[in-house]
Amino acid sequence: MLEKAYDPKAVEDQIYEMWEESGAFKPESCPKDGEPFTISMPPPNATGQLHLGHAVMLALEDIFIRFARMNGKRALWVPGTDHAAIATENVVIKKLKEQGMKDPRKELGREKLIAKIAEFVEESKSTIRSQIRKMGSSCDWSRERYTFEPSLNRCVNEVFCRMKNDGLIYRGHRIVNWDPKLQTTVSDDEVVYKEEKSAFFTFKYGPFEISTARPETKFGDKYVVMHPKDTRYKKYKHGDTFEAEWINGSVRATVIKDESVDPEFGTGVMTITPWHDHIDFEIAERHGLEKEQIIGFDGRLLEIAGEFAGMTIEKARPLIVEKLKTKGLLVKVDENYVHNKAVSQRGGGAIEPQIKLQWFIDVNKEIVPWKSKGSKKAANMSLKQIMHSVVHHGDIDIIPDRFGKTYFHWIDNLRDWCISRQIWWGHRIPVWYKGDETYTGANAPDGKDWRQDEDTLDTWFSSAMWTWSTLVDQKKAQDMSLSLKEILEKSPDFQTFHPTAVMETGYDILFFWVARMILMTTYATGQIPFKTVYLHGLIRTRDGRKMSKSDPETMIDPLDMISKYGADALRLSMIVGQSAGADSRLYEEKIAGYRNFINKLWNASRFVLLQCEQAGIDPKTIDKLPENASLSLADRAVLHASECLIEDITKNLSTYSLSEAGDRLYSFVWDYFCDWYLEFSKGTANHAVLVHVLRRILKLLHPYCPFVTEQLWSQVKKTGDSALISETWPKIHAKRKDAKAFADLQILIDVVSAIRKLRTDQNVEPGKEIMVTIVSRGHTGEVLESQEAHMRRMCKVGSLTFTTDAVKIENAASTFLPEIEIHLSLAGLFDADKLKESLLKEQAELTKYVAGLESKLSNKSFVDRAPKALVDEQKSKLAEAEEKLKKIEERMQQL
RNA sequence: GGGCAAUUAGCUCAGCUGGUUAGAGCGCCACAUUGACAUUGUGGAGGUCACAAGUUCGAAUCUUGUAUUGCCCACCA
């Protein structure tokens with residue numbers, strides 16, 4: 001027999017092991033003719049700890065995959081980890097510094113540092129793996145991949161080379177986001193802006209006044225730019241030159257007219273620093289102006305700064321201002337100027353735009369042949385256009401769809417993607433140099449002195465291939481005689497399981513990752529990476545704040561919660577009540593609430609088993625259900641309800657409405673199955689129905705709470721049935737539907753509730769037996785009479801009298817339902833005042849209700865225009881209410 | 001500056017294309033408890049659905065505006 005309370009700790013690990021050993025996670029265990037259904041797990045960073053973001057992702061994907069598996073699909077969930085280039089290198093360098101190394105990059109050199117990082121990653125990976133298991137994730141570990149393993153590296157190199165040959169990857173001097181702290185470039189998406197108050201200076205510059213928050217960049221400024229239509233500066237012509245006294249002496253400056261200048265801002269005139277500002281760079285490009293580097297890659301001023309050369313910006317800024325002031329060039333200072341400072345998302349340091357020789361992906365070159373399903377014909381498109389097309393034409397659905405708009409907006413503003421990074425941990429750029437010669441390929445060409453490009457690729461370059469690079473055959477991927485196309489053709493997994501079914505991830509990486517997977521996969525394979533994108537929101541604290549590592553009070557550690565409440569409870573707490581794309585709040589009481597639910601399910605099952613045991617029946621022998629005709633009212637009603645339940649849950653899960661389905665299951669189990677059906681079953685249990693319905697519940701609930709359902713399944717499954725994970729999804733039996741029985745039982749439930757309320761109103765002592773007289777006619781009367789035993793037990797009623805005639809009532813509390821009068825006799829206990837009070841209250845409510853209905857029904861427009869069924873319904877409701885009101889009035893008179 | 005969303009009970013949230021007297025969980029109050037379950041049961045209190053106008057026979061639901069909050073994008077030198 002089961003323990004009194006469910007103890008997740010005692011069973012979860014064992015069950016997981018059992019699943020894994022049984023091979024149930026592999027698609028090979030699914031029916032051979034099943035439709036493939038694939039999910040690529042967004043690979044957690046190999047360095048990290050499992051956090052709530054991962055937990056919610058794992059829970060959602062596991063539900064999708066288990067549902068698909070139980071529905072006979074060949075379900076494959078590919079797990080893996082990401083080498084997370086910058087993030088990982090940072091973590092390891094930080095650790096090495098803590099261990100006393102001053103500059104690990106210099107001290108170790110490239111080879112050794114990479115080895116150190118690799119070593120560290122291997123350790124962390126096993127932590128992540130075990131944490132993923134703790135969540136109950138049914139992913140195929142035999143297919144686990146890593147973004148930095150040889151087969152993926154091959155894919156990266158192949159795609160890079162092809163893109164370069166197609167002219168989609170180019171190398172050029174462009175302005176990029178330089179992170180002086182991490183000593184690397186970062187992409188536009190890796191720059192975040194922080195509001196900052198800083199001094200805003202206005203200086204004299206020749207005949208003009210110019211303003212800046214960054215005087216330290218101004219050494220080389222020799223262009224003043226203004227709007228061509230600005231009348232204040234009409235007398236200056238484009239190309240005019242003038243002498244201006246400046247920081248280190250006089251400079252010769254040129255007037256430039258450009259429409260990008262806002263005449264309303266400041267003086268309407270600005271000087272430009274093309275080397276260190278995106279906008280200035282564009283202006284300079286437009287007019288063919290000279291560009292000069294002012295700040296070095298180490299963040300210090302260069303020779304051009306004269307006496308300030310070698311200083312950091314922080315140090316130089318006040319000195320430069322001071323110097324300009326003594327020269328009489330400082331006009332004013334606004335100390336309260338608020339501007340957005342560009343900061344590195346990874347390193348947290350300031351971003352310094354720089355011009356640098358870097359590798360880029362051209363997103364505007366229209367040379368890739370593509371045809372969306374929804375579009376008429378194939379055309380040569382740019383990567384940008386393909387990204388737009390597949391979502392626009394519905395090849396890919398985004399849930400929730402409002403993110404489609406955000407996605408399009410992002411694409412419209414997309415610039416060429418800088419893919420090179422000056423770090424060591426990552427896929428090295430497969431380009432080789434020797435003198436003026438360049439060679440593109442994974443390996444150096446024959447001959448001496450070929451040097452490989454020092455840079456590595458943006459980590460998202462390789463993760464962008466995740467859905468398919470994880471499916472290539474690893475051996476074939478090492479065969480250098482094959483092209484990428486041939487490798488794909490000879491990879492059975494790729495042929496079977498790609499495109500994947502659904503990509504489930506946080507909306508915060510829609511641009512970073514989802515968009516880039518679409519870009520890379522359509523280009524490299526000619527296929528979309530996934531059919532559906534399901535985006536989940538951020539998990540926040542109870543008061544809506546972001547959980548952050550720096551504030552441990554607010555952090556909820558999923559592993560703590562699992563050991564405290566079980567993985568099932570955690571999963572439910574993150575899924576039920578949350579909708580796609582919306583942030584949600586999580587706190588411990590919520591998880592505890594779902595733990596209670598799991599325990600409720602446990603005990604309900606325990607009750608069922610106990611009933612079987614007492615009757616000497618082995619639940620495992622229970623197979624077929626008896627015919628409907630031989631079942632009790634409650635049995636038929638619960639079977640009907642369970643048919644409806646299957647319908648709803650199946651529909652909701654098929655449309656990714658997980659919260660609705662979870663909520664429905666929760667209230668079915670607790671409010672219907674436990675509170676009513678099991679109560680009815682006490683004394684007159686039908687073991688076949690009990691076990692049958694419980695089995696269904698376990699199946700339907702399994703995707704949500706895999707552990708507890710699997711454990712209970714082992715107790716109630718039919719001999720010969722497999723583990724629940726591999727069971728088939730329940731089918732609907734139309735024959736078992738019996739809406740009439742369901743409605744009849746509802747009458748009974750209403751009566752029982754009404755009697756309970758009377759008891760409470762009258763303060764009837766617990767355990768005290770009471771007498772009840774029920775007046776009802778026709779079918780209702782028959783139903784009630786047939787359920788006498790149940791009613792007596794559930795209401796703790798001593799004697800129950802049924803009659804079809806009105807009765808004379810004295811010393812009784814009364815209440816009225818449609819077609820039913822209930823009188824509760826309480827010799828010596830009857831409190832007329834209390835009854836009066838509650839009748840008065842009910843009368844008042846009812847009067848209001850009746851008045852509302854009457855005015856509605858006397859409204860001609862309503863009667864004419866509203867659907868007839870609605871009008872009839874309201875009419876009968878009115879009649880019912882009026883009758884009830886009459887009865888209450890009569891009863892009041894008697895008192 | 002541009003865009004997207006949210007505003008319903010003390011708290012966290014449902015409420016689908018307009019139609020019963022607006023729901024749930026937690027919390028609160030009262031009562032119960034050897035019974036599958038105190039990780040429980042029964043009953044209850046608590047909401048003019050942010051505000052205003054409009055469309056409609058009828059609005060939490062549709063339209064417009066206002067306020068507040070949150071997020072994303074751009075970034076003004």
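Sequence gap of 8 or more, or different chains, plus Cα separation below 26 Å: how many lysine pairs satisfy both in the stretch A:148-264? Lysine pairs meeting the criterion: 26. Computed on the Cα atoms alone, the convex hull of chain A gives a volume of 258 cubic angstrom per residue.
Protection proxy ranking for A:209-215, A:435-441, using the average of other Cβ atoms within 10 Å per residue and placing the highest first: A:209-215, A:435-441.
With R₀ set to 56 Å, the beta-carbon distance separating A:Tyr433 from A:Thr719 gives a calculated FRET efficiency near 0.20. Decide, for the stretch A:146-187, between rounded, prolate and oblate: order the square roots of the alpha carbon gyration tensor eigenvalues as a ≥ b ≥ c, take rounded if a/c falls under 1.5, and otherwise choose prolate if a/b is larger than b/c, else oblate. Oblate.
If you sort the three axes of the alpha carbon gyration tensor as a ≥ b ≥ c, you get a/c of 1.5 or more for the stretch A:816-861 and a/b no higher than b/c, which makes it oblate. Note on A:Lys624: aspartates and glutamates with a C-alpha under 20 Å away, same-chain residues under 8 apart excluded, are A:Glu613, A:Asp635, A:Glu643, A:Asp721, A:Glu727, A:Asp738.
If the segment from A:Asp583 to A:Lys735 were pulled out straight at 0.36 nm per residue, it would be longer than the present Cα-Cα gap by 50.5 nm.
Helical runs assigned H by DSSP (4 residues or longer) give chain A a calculated mean residue ellipticity at 222 nm of -13500 deg cm²/dmol, each run adding -39500 (n - 2.57) before division by the residue total.
The shape of the stretch A:579-618 can be summarised by an equivalent ellipsoid whose semi-axes, obtained from the alpha carbon gyration tensor, come to 36, 11, 4 Å from longest to shortest.
Of interest is the spacing of the C-alpha centroids, which for the stretch A:34-82 and the stretch A:85-134 amounts to 26 Å. Were the residues from A:Thr532 through A:Cys674 laid out at 0.36 nm apart, the gain over their Cα-Cα distance would be 47.4 nm. Site pair A:Lys4 and A:Asn859 shows an inter-label distance of 5.7 nm when each label is modelled 7 Å from Cα along Cα→Cβ. Beta bridges assigned by DSSP with both partners in chain A are antiparallel in approximately 70 percent of cases.
Ordering A:Ser137, A:Leu58, A:Met163 by the projection of their Cα atoms onto the charge dipole of the stretch A:41-184, which places +1 on the Cβ of Lys and Arg and -1 on the Cβ of Asp and Glu, puts A:Met163 at the extreme positive end. Once you reduce the stretch A:827-895 and the stretch A:667-720 to the center of their Cα atoms, the two points are 40 Å from each other.
Cross-link partners of A:Lys476 among aspartates and glutamates, defined as those whose alpha carbon lies under 18 angstrom from its own and excluding same-chain residues fewer than eight positions apart: A:Glu144, A:Glu149, A:Glu158, A:Glu486, A:Glu489, A:Asp493.
When the P(r) is computed for the stretch A:94-159, the part past 16 Å accounts for 64% of the Cα-Cα pairs. Axis angle, to the nearest 10 degrees, between helix A:313-326 and the longest C-alpha principal axis of chain A: 60 degrees. Note that the stretch A:523-663 presents 42 Å² accessible area per residue, ligands and nucleic acids not counted, probe 1.4 Å.
Exceedance of the 23 Å cut-off in Cα-Cα distance is limited, within the set A:Lys405/A:Lys531; A:Lys848/A:Lys875; A:Lys112/A:Lys485, to A:Lys112/A:Lys485. For the stretch A:450-559, applying the loop criterion from DSSP together with a ceiling of 16 other beta carbons within 10 Å to the GluC sites (Glu not before Pro) yields A:Glu454, A:Glu553. Checking every one of the GluC sites (Glu not before Pro) in the stretch A:582-631 against DSSP loop status and a limit of 11 other Cβ atoms within 10 Å picks out A:Glu627. For the peptides A:192-203, A:377-388, the ranking by mean Cβ contacts within 10 Å, running from highest to lowest, is A:377-388, A:192-203. The convex hull built on the alpha-carbon positions of the stretch A:514-602 has an orientation-averaged projected area of 8.2 nm². For the residue pairs A:Lys808/A:Lys887; A:Lys768/A:Lys836; A:Lys682/A:Lys717; A:Lys651/A:Lys868, alpha carbon separations beyond 24 Å are given by A:Lys651/A:Lys868.
Against the empirical 2.2 N^0.38 Å (N residues), the stretch A:671-736 has a Cα radius of gyration ratio of 1.17. Loop-located trypsin sites (Lys or Arg not before Pro) across the stretch A:63-160 with a Cβ neighbour count of 13 or fewer within 10 Å are A:Lys102, with loop assigned by DSSP. With a cut-off of 10 Å between beta carbons, the residues surrounding A:Arg695 carry a summed charge of +2, where Lys and Arg count +1 and Asp and Glu -1.
DSSP assigns beta bridges within the stretch A:186-324; of those with both partners inside it, close to 80 percent run antiparallel.
The values are calculated or read from the model by the stated rules, or taken from the named source; none is laboratory data. Small disclaimer: the values here were computed from a predicted structure and weren't measured. Glycine also receives a Cβ, built like all others from the backbone with ideal geometry; neighbour counts cover every protein chain displayed. Accessible surface is based on the protein model in full, side chains and every heavy atom, while ligands, DNA and RNA are left aside. Shrake-Rupley method; radii C 1.70, N 1.55, O 1.52, S 1.80 Å.
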